[in-house]
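Working notes, beginning with the structure itself.
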Amino acid sequence: QLQASGGGLVQAGGSLRLSCAASGRTFSMYRMAWFRQAPGKEREFVADIRWSAGVTNYADSVKGRFTISRDNAKNTLYLQMSSLKPEDTAVYYCAARASDALPYRIWGQGTQVTVSS
């Protein structure tokens, strides 16, 4: 089970940190990711991290502005977002999968991020 939090309203240029607390079947956390879905658009990949190795990947649109990280001891995933733009406005979801051969099957409930211009 994943519980996302930390969303809110922020002005352009500001920062937010999202959290995603994992509980229960943490062995499914081979790779965790953040996705987002803006109104009227499809869900898109934001960033991911291999849980044990800490290797990260980012969408080009957020590279250099967002940082994904995790706290193994707390089973918590983070997304530090800086230099936010109005186009970052979306519902942000965390997700987990047990291997790269499987789809993301475990999803958090989403947290709203709104960036005002």
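The values are calculated or read from the model by the stated rules, or taken from the named source; none is laboratory data. Since the model is a prediction, treat every value here as computed from it, not as a measurement. Heads up, the Cβs are rebuilt from the backbone with ideal geometry, glycines too, and the neighbour counts pull from every protein chain shown. The accessibility values were calculated without ligands, DNA or RNA, using every heavy atom of the protein model including side chains. Shrake-Rupley method; radii C 1.70, N 1.55, O 1.52, S 1.80 Å.
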Of residues in the range 1-13 being of a type in the set (A, V, I, L, M) and in contact with a Cys (Cβ under 9 Å, 6 or more places away or on another chain), the one nearest to Val115 (Cα to Cα): Ala4
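Residues checked against (1) exposed (fewer than 14 other Cβ atoms within 10 Å of the Cβ); (2) out of contact with any Cys (no Cβ under 9 Å at 6 or more places or on another chain); (3) among the aliphatic types (A, V, I, L, M); (4) over 23 Å from Ser116 (Cβ atoms):
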| position | (1), (2), (3), (4) |
| --- | --- |
| Ser15 | yes, yes, no, no |
| Ser19 | no, no, no, no |
| Ala22 | no, no, yes, yes |
| Asp48 | no, yes, no, yes |
| Ser52 | yes, yes, no, yes |
| Val55 | yes, yes, yes, yes |
| Arg65 | no, yes, no, no |
Test set (1) within 17 Å of Ile106 (Cβ to Cβ); (2) open to solvent by less than 60 Å² (accessible area, probe 1.4 Å) - Gln1 fails condition number: (2)
Close pairs from the range 10-21: first in contact (Cβ under 8 Å) with a residue 12 or more places away in the chain, partner open to solvent by less than 20 Å² (accessible area, probe 1.4 Å) and not in a strand (DSSP E or B), Cβ under 7 Å, at least 6 apart: Val10/Leu84; Ala12/Leu84; Gly13/Leu84; Gly14/Leu84; Ser15/Leu84; Leu16/Leu84; Cys20/Gly108
Selection within the range 79-105 - within 22 Å of Ala22 (Cα to Cα), aliphatic (A, V, I, L, M) and out of contact with any Leu (no Cβ under 6 Å at 6 or more places or on another chain): Ala90, Val91, Ala95, Ala96, Ala98, Ala101, Leu102
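Looking at Val62, Val10, can you tell me which residue is part of a loop (DSSP other than H, G, I, E, B) and either touching a Lys or Arg at 6+ places or on another chain (Cβ under 8 Å) or among the aliphatic types (A, V, I, L, M) (or both)?
Matching residue, one of Val62, Val10: Val62.
Yes or no, residue by residue, for (1) more than 11 Å from the chain's Cα centre (by Cα); (2) in a loop (DSSP other than H, G, I, E, B); (3) without any contact (Cβ under 8 Å) to a residue 40 or more places away in the chain; (4) at positive phi:
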{"site": "Leu84", "(1), (2), (3), (4)": "yes, yes, no, no"}
{"site": "Ala101", "(1), (2), (3), (4)": "yes, yes, yes, no"}
{"site": "Gln109", "(1), (2), (3), (4)": "yes, yes, no, no"}
{"site": "Thr114", "(1), (2), (3), (4)": "yes, no, no, no"}
